[in-house]
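Please treat every number below as a calculation from the coordinates, not as lab data. Note that the structure is predicted; figures quoted are calculated from it, not measured. Positions of Cβ are generated from backbone atoms using ideal geometry, with glycine treated the same way; all protein chains shown enter the neighbour counts.
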Amino acid sequence: MLLAGTARAQAPYVPSEGNLQSRKEFSEHRLGIFLHWGIYSAYAQGEWYLSISKLDPETYSEAAAGFYPARFDAEAWARAFKEAGAGYVTMTSRHHDGFSMFKTAQTPFNIVDATPFGRDVLGELTKAVKGQGMRMHYYYSLIDWIRPDYPKGNSGVAKDPAKADYNAYFEFEKRQIRELMEQYHPQALWFDGQWDQGGRPFDWRMRELYDFIHGIDPDCMIGNNHHSAAVGGEDFQLFEKDLPGENKAGFSGGATVSDTLPLEACETMNNNWGYHVADLNYKSVRELVHLLVRGASKGSNLLLNIGPQANGALPAPALDRLRGLGAWMRTYASTVDGCGISPVPPQSWGVSTKRPGTVFLHILEPAAVPVSGDKGILVIPFQGKPTAVKSFPEGAPLKWKVDKDGFLCITIPTPDPSAIDTVIEIAEASL
Ligand code: GLC
């Protein structure tokens, strides 16, 4: 009775065959590139600049009139992502400041109509990314710091509460999402901002939005960065700055990790999502590879962020990291892409990934490998029946035995302390 009229019982969500196929494809590539690009990039202070600076929206929006990314080259971006070993790209179609980076008839506050550049950058990038055989996903903010109809939440700048009208805002979002889907056919939509109304009763009508999206394209995957367990209508589970189940950043404490949906963890290369001129605190290639490998060992993709500059260039340190990742991926992609959780639990020296018939051990911390003379000895619980153990990619056979307690003992050359990841391949008999 209490629920009548507000939350009607929902029919269970049944994903389409094409959606299930898309989920599979999605997990076949463990690396995705996240792009936070908008007029905030011109302030070079991260994507929260409007909220942090407390500028009035009119002053903030002046950045649009000067936004001219002369160096933007969608093909060059797409090539750089592809060469890094990425399988997909997720770009901000519209962030919390409400500026649309695509051609839209729903608001003049967009890249085509409000900037001298006048080009549909999302459209151009989508074409280039798909042309490289990668998937294209769109980030879409559920909150809007400028539109009067979005009721001000915990973030953003002062607004007139009398003008708040979530139902009208919801219809605006639906019209924009329809445009995004009909104009560019993204393979996934990535929502963010649901935390903005935390602490007060608020019905986001998300299931209605999900059904609307799947009504347009049932194969389009939906993810939502709401920091909790996935709900009906969602096709993959997101983790912000955390590998699934770790909750190191404190965002995903309540989130049960789904054992049926694909997983994706997003992370910054430095400390900001949007371009920040002073933030040169970039993670090393080694750290990034380790994130990717540790994620893959938990069955998760890594959505690695870059904040492009206002002039359309990718920051030099980000390009450098992309090249480093690419060098690693050219040799080792097959030890993460399409691989899932292995029955070998994490060890002090590293983690393990698995594809049918093959388990890969990834030695990430060579100093933690027990050493005997000039050899390293790995002793691991192993449930399958090993048939061969080799170094990867060289394929050199390694000495191994299963001891009386059932542990697999592998003798390896003492691992090179500077190696990013020493990989060992175990072939196992199908049982
Ligand atoms: C957080 C930030 C947002 C960013 C997102 C990426 O939600 O508020 O700015 O886009 O994380 O995961």
Seminar exercise, completed: Here P(r) for the range 350-420, Cα-Cα distances in 5 Å bins, as whole percents, is 3, 15, 27, 29, 19, 6, 1
For this session: Using only Cα atoms, find the angle between the long axis of helix 316-332 and the longest principal axis of the chain, and express it within 0 to 90 degrees, rounded to the nearest 10.
Result: 40 degrees
Problem set entry | Cβ-based exposure ranking for I213, I377, in which fewest neighbours within 10 Å come first | I377, I213
Seminar exercise, completed: Dipole check, the chain, charges on Cβ (K,R +1; D,E -1), about Cα centroid: among C409, N110, W145 the Cα furthest to the positive pole belongs to C409
Problem set entry | Among H185, V344, A44 the positive-end extreme of the charge dipole of the chain (Cβ point charges) | V344
Problem set entry | Overall dimensions of the range 388-431 as given by Cα atoms, namely Rg and Dmax in Å | 11.8, 37
Exercise. In which sequence would Y40, Y140 go, from the one with the fewest C-beta neighbours within 10 Å to the one with the most?
Worked result: Y140, Y40
Seminar exercise, completed: Ordering 292-302, 384-394, 142-152 by per-residue average of other C-beta atoms within 10 angstrom, highest first, gives 292-302, 142-152, 384-394
For this session: Return an integer: the convex hull volume of the alpha-carbon atoms of the range 243-328, in Å³ per residue.
Result: 108 Å³
Exercise. For the range 413-429, what does the Karplus curve 6.51 cos²θ - 1.76 cosθ + 1.60, with θ = phi - 60°, yield as ³J(HN,Hα) per residue in whole Hz, taken in order and with x for Gly and Pro?
Worked result: x, 3, x, 5, x, 8, 5, 5, 7, 9, 10, 10, 10, 10, 8, 10, 6
Problem set entry | Mean Cα-pair separation over length for the chain, i.e. relative contact order, pairs under 8 Å, 6 or more apart, % | 16 percent
Seminar exercise, completed: With Cα springs under 10 Å, the Gaussian network model of the chain assigns the largest mean-square fluctuation among K354, K404, K241 to K404
Exercise. When the Kirkwood hydrodynamic radius is evaluated over all pairs of different C-alpha atoms of the chain, what value in angstrom, to one decimal, is obtained?
Worked result: 23.1 Å
Exercise. What's the center-to-center distance, using Cα atoms, between the range 283-347 and the range 409-431 in Å?
Worked result: 20 Å
Seminar exercise, completed: Of all DSSP beta bridges with both partners in the chain, the antiparallel percent, nearest 5, is 50 percent
Problem set entry | Principal axis box of the range 1-126, alpha-carbon based, largest edge first, Å | 50, 47, 28
For this session: Would you please report the Å³ per residue occupied by the convex hull of the alpha carbon atoms in the range 216-370?
Result: 158 Å³
For this session: Normalise the Cα radius of gyration of the range 160-268 by 2.2 N^0.38 Å (N = residues in it) and let me know the number.
Result: 1.14
Exercise. To the nearest 500 deg cm²/dmol, what mean residue ellipticity at 222 nm is calculated for the chain from DSSP H runs of n ≥ 4 alone, each contributing -39,500 (n - 2.57), summed and divided by the residues?
Worked result: -8000 deg cm²/dmol
For this session: Step through the table entries K24/K152; K130/K354; K298/K375; K248/K385; K159/K283, compare each Cα-Cα distance with 31 Å, and write down the pairs that go over it.
Result: K24/K152; K248/K385; K159/K283
Problem set entry | Karplus-derived 3J(HN,Hα), 6.51/-1.76/1.60, for each residue of the range 115-132, Hz, glycine and proline x | 10, x, 5, x, 10, 7, 5, 5, x, 5, 5, 4, 5, 5, 5, 5, x, 8
For this session: Would you work out the relative contact order for the range 274-416, in percent, from Cα pairs under 8 angstrom that are 6 or more residues apart?
Result: 17 percent
Seminar exercise, completed: In debye to the nearest 20, the charge dipole size for the chain, taken about the Cα centre with +1 at each Lys and Arg Cβ and -1 at each Asp and Glu Cβ, equals 820 debye
Exercise. When the Karplus curve 6.51 cos²θ - 1.76 cosθ + 1.60 is applied with θ = phi - 60°, which whole-Hz ³J(HN,Hα) does each residue of the range 335-341 get, with x for Gly and Pro?
Worked result: 8, 10, 4, x, 8, x, 5
For this session: Among P317, W273, V369, pick out the residue whose Cα is farthest towards the positive end of the charge dipole of the chain, where Lys and Arg carry +1 and Asp and Glu carry -1 on C-beta, about the Cα centre.
Result: V369
Problem set entry | Cβ-Cβ FRET estimate between V371 and S155, R0 fixed at 51 Å, reported to 0.05 | 0.50
